[in-house]
1. Could you check the simple spin-label distance between VAL14 and GLU64, using points 7 Å along Cα→Cβ, in nm with one decimal?
2. Taking a threshold of 23 Å on the Cα-Cα distance, which of the pairs LYS98/LYS168; LYS43/LYS90; LYS43/LYS148; LYS90/LYS168 fall above it?
3. Around ILE110, which amide H atoms from residues at least 5 apart in sequence, or from another chain, sit under 5 Å from its own amide H, with H modelled in the peptide plane?
Amino acid sequence: MGFIVEGDESGDVVLEPPPNFSMVEEGIFRSSFPRPCNFAFLKTLNLRSIIYLCPEPYPEENLEFLRSHNIRLFQFGIEGKTEPSLASLKDAIRGALKILIDVRNHPVLIHCKRGKVIVQIQLLNVSFACGTELIKHRTGCLVGCLRKLQNWCLSSVFEEYQHFAGMKSRSADLRFIETFDI
C-alpha cells in the first residue's frame, strides 16, 4: 500500500504507511512496527510522540529518525512472550493512556513490535499461562482501553479490536479490556 507524491527535481517520492496503519481519532494513529521504508510517510504526520509497547530496545535506525524529527519515544515494556503480573500490565496500560490522552503529545503513533504482518508465525508460537494470560495484541488492548475511557459500548470496543487483530484476536485480550478499570 502506498501512493506517489510529485517531488522536486530529485524525482517522485513514494509514501508507504506502515502495515495496519489507521487513524484512531484526530491526532492518534496506530500501526504495526514502522520500518525505514515508512519514514517518509510518517514524516507527513508531523508526529510529536510514539508510544512503543514492547520491552525490546528500539532499533537505532528508528531512533535516529525520531531524533532528526524531534519525536519523543515513550516505551512501555509490555511482555508478549512471558507472563507479566496483572498489576504491572495494568500499570503499563494506565501509563500509556496518560501519554495518549495528553494532547501535548499529539500527533502520536501507537505501535508494538510485530503487528498483523507475521500472524502465521505467531500462531505457531503457542503460549500457556496459569492465572493471568498473556496479552498478544498490545496496540489493540491499549486502544480498547482508550475506547472504554471514552465510554464506548463494549460491543463496539470489541468489534474495533477484532477488526485490527484479525486472526490474532485472543479471548485473553478481550477479557483484559473488559475488566480493565479506568
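1. Here the modelled spin labels are 2.1 nm apart.
2. Working: LYS98/LYS168 26 Å; LYS43/LYS90 31 Å; LYS43/LYS148 30 Å; LYS90/LYS168 21 Å.
The pairs that break the limit, which is 23 Å between Cα atoms, are LYS98/LYS168; LYS43/LYS90; LYS43/LYS148.
3. PHE29, ARG30, SER31, ILE51
Only the coordinates and a few stated rules stand behind these numbers; no lab work does. Predicted model, so just to flag it, every value in this text is computed and none were measured. Don't worry about glycine lacking a Cβ; one is built from the backbone with ideal geometry, like all the others, and counts go over all protein chains shown.
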